[in-house]
1. If a residue must be in a helix (DSSP H, G or I) and surrounded by fewer than 14 Cβ atoms within 10 Å (Cβ to Cβ), how many such residues does the stretch 26-41 contain?
2. Which residue out of Trp23, Trp11, Trp44 is within 15 Å of Ser141 (Cβ to Cβ) and either out of contact with any strand residue (DSSP E or B) (no Cβ under 7 Å at 6 or more places or on another chain) or open to solvent by 70 Å² or more (accessible area, probe 1.4 Å) (or both)?
3. Taking only pairs six or more apart or across chains, which ones have beta-carbon atoms under 6 Å, a first residue in the stretch 104-127 that is at pLDDT below 90, and a second residue that is open to solvent by 40 Å² or more (accessible area, probe 1.4 Å)?
4. Looking only at the stretch 42-84, count how many residues are assigned to a helix (DSSP H, G or I), small (Gly, Ala, Ser) and farther than 17 Å from Ile112 by Cβ.
5. Which count do you get for residues in the stretch 85-104 that are part of a helix (DSSP H, G or I), touching a Leu at 6+ places or on another chain (Cβ under 8 Å) and open to solvent by 80 Å² or more (accessible area, probe 1.4 Å)?
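The values are calculated or read from the model by the stated rules, or taken from the named source; none is laboratory data. Nothing here was measured: the structure is a model prediction, and the numbers come from that model. Cβ atoms come from the backbone with ideal geometry, glycine included; neighbour counts cover every protein chain shown. Surface areas here come from the heavy atoms of the whole protein model, side chains and all, with no ligands, DNA or RNA. Shrake-Rupley method; radii C 1.70, N 1.55, O 1.52, S 1.80 Å.
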Amino acid sequence: MQTVWLTGAEWLAVLRIGLGLWWLESWRHKDRKGWFERGTGIAWAADVAAHHKWPQVKKGFDTVVAPRPKVMAYVVVYAELALGLGLVVGFLTPVALVGGLLLNLLYLVLMIHDWAEQGQNAMMALISLVALLAMSWQTWSLDSAIGLF
């Protein structure tokens, strides 16, 4: 593939790194004190789930998240950090891409009524899918440097 500046593989690496930076920004702007000490993030998600038009969302939230709100707050916040770091440096990249895709799909389902959030989650899911199927870890990654994948 010919491009103006970088090779096709390098552009895929740019896409992967950009997605990682997007996850890092998501982590950076979170009010971690609010999430961890006051439970604001999980409380907000509980309210969204309680009023969701699909009853399965509330049932799933009540089964998985509600019994362990503090643990789930840490899982969400640090998953975003781990995804961002993994994608930027290209370490365990396929795992990070699948994890990010699943997290974005979860966010899409949870926020089905909020179109402002849907664009971001849809784009991030699409980038994850493209980067995964195109094996974007083959260029500019620790995975490639150490022959992991």
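1. Number satisfying all stated conditions: 4.
2. Trp11
3. Short answer, once both residue conditions are applied: Met111/Glu117.
4. Going through the stretch 42-84 one residue at a time, the tally reaches 5.
5. Qualifying residue count, the stretch 85-104: 1.
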